[in-house]
1. For region 73-157, which trypsin sites (Lys or Arg not before Pro) are both in a DSSP coil and crowded by at most 15 other Cβ atoms within 10 Å?
2. How long is the gain from ASN63 to ALA128 if the chain were fully straight, where each residue apart is worth 0.36 nm and the alpha carbon distance is subtracted?
3. Relative contact order, percent, of region 52-156 when contacts are C-alpha pairs under 8 Å separated by at least 6 residues?
4. Applying 1/(1 + (r/R0)^6) with R0 = 22 Å to the Cβ-Cβ distance of GLU95 and ARG55, what FRET efficiency is obtained, to the nearest 0.05?
5. Could you list the GluC sites (Glu not before Pro) in region 66-157 that lie in coil according to DSSP, counting only those with at most 11 other Cβ atoms within 10 Å of their Cβ?
6. Pulled fully out, how much extra length does the chain show between GLU70 and ALA135, if you take 0.36 nm times their separation in residues and subtract their Cα-Cα distance?
7. If you wrap a convex hull around the Cα atoms of region 52-156, how much volume per residue is inside, in Å³?
8. Can you give me the distance in nm between label points at ASP111 and ALA147, each placed 7 Å from the Cα along the Cα-to-Cβ direction?
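We did not get these values from a lab; they are worked out from the coordinates using the rules stated. Please read these numbers as outputs of a predicted model, since none were measured by experiment. Here the Cβ positions follow ideal geometry from the backbone for every residue, glycine too, while neighbour counts run over all protein chains shown.
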Amino acid sequence: MRKAAYPPLVAAVVLALAVPACKYKTETAAYPAAGSEAPAAEQPTSPAGGARIERITVAKAVNSDASPGETAASFGKNDTVYVSMWTANTPVGTEITARWYGPDGQQVTEDKKVTDRAGEGYTSFHAANANGWSAGTYRVEILLNGAPAGSTTFTIS
C-alpha cells in the first residue's frame, strides 16, 4: 500500500503560517491624555479584550484631547454641555453614540462618532440649545456599537 506524501507537507505549511500570526500583540494609545497617565486598571464592563467606556463625565468644556475640562453637574439655560468619556480597546470602526434626553424623558438629540484609529483615549460630545434649555434634569446615555455602555445626568437651573 502506498503512503500519501502530502500530510507532512500540509502540516508544515499550516504551522509556518500560524506561528507568525501568534507573534504580534499590538496595543496602541490613539488618543493619549495630554499630561496625564493612563487610567488605573479598572474592571472592564465588557468581555476581556473588548471595547469599553469608562468615566463618563459632564463638563463645561473639554480639553484638546477631549478629556473633561471644568466638570459640572449644573448648567445655565444658555450653556453648552459637554460629556467626555474614556474609551478603551476600541478597534477602527467602533461606533460611539450619545443620546440626550430631556426632563420629560423624551430624546432631545443623538450624536454618533466612529473611531478611525484603534486604541484608547477620550471621546467627547456636546449639546447646546439655541432657544435655551428648559429647567430640569437631563440624561445622556452612551452606547457602544449600539449597546448601552453607561449614562450620566446634569441639571439645568
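1. On the way: sites: LYS77, ARG99, LYS112, LYS113, ARG117, ARG139; in loops: LYS77, ARG117.
Passing both the DSSP loop test and the Cβ count: LYS77, ARG117.
2. Values: separation 65, 0.36 × 65 = 23.40 nm, distance 1.77 nm.
Between ASN63 and ALA128, full extension yields an extra 21.6 nm.
3. Values: 272 pairs, mean separation 33.3, N = 105.
Relative contact order here is 32 percent.
4. Given R0 = 22 Å and the Cβ-Cβ separation, E is 0.70.
5. GLU70
6. Working it through step by step, the gained length comes to 21.3 nm.
7. 88
8. 2.5
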